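Some notes on the structure that comes next.
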Amino acid sequence: MTFAEFNALPAPQAESALTDCCGSARWAANVAARRPFTDLQALFKEADSIWWNLARTDWLEAFSHHPQIGDKPASGSESARQWAAGEQSGARAATDDVKSRLARANRAYFEKFGYIYIVCATGKTAEGMLAILNQRLQNDLASELSIAAEQQRLITRIRLEKLLTGERQAS
């Protein structure tokens, strides 16, 4: 989709497209309301500003739209499922041992923080994501929420670019 097409979408359709990029309904509504955007950098600037001014509950809503690292995406539009699968391609190539350790660490993370482990997985191996997860398990609640929010922001940027360049799968 082009910027002109995106800018011309009715608000509900724009919000739906934006929700594929970030699962926070408030974020999607606010970004859609700020249209028109002239280019990707203007969109990124507004999207980031809105993201950092959301409440914790909005961030958690966004996190809830992701599959756990190593799981297949089960919900969302076809584009969102394809993007998530592509982003996590490194986890699919992992050995059974690494997948098992990743599953255990995912459970420990959820038990400690109350939400799934969020990492910008694009270009990362399963072993790399597991190492990051184990390191982040050492964080306190407030620090980890901020780190997870930054990872969601990075994922959102990648997906916004894919949305507006028509790319359906992560590379």
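Every number in this text was worked out from the coordinates using simple rules, so none of it is lab data. These numbers come from a predicted model, not from an experiment. Note: ideal-geometry Cβ built from the backbone for every residue, glycine included; neighbour counts use all protein chains shown.
Key figures for this structure:
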item	result
Distance from segment 116-171 to segment 14-53 (C-alpha centre basis), Å	18 Å
Glu61, Glu111 arranged by Cβ crowding within 10 Å, fewest neighbours leading	Glu111, Glu61
Of Cys120, Phe37, Gln135, farthest towards positive along the dipole that unit charges on Lys, Arg, Asp, Glu beta carbons give segment 3-164	Gln135
Share of pairwise Cα separations in segment 3-164, more than 20 Å, in percent	49 percent
Least to most buried among Val119, Val98, Val31 (fewest other Cβ within 10 Å first)	Val98, Val119, Val31
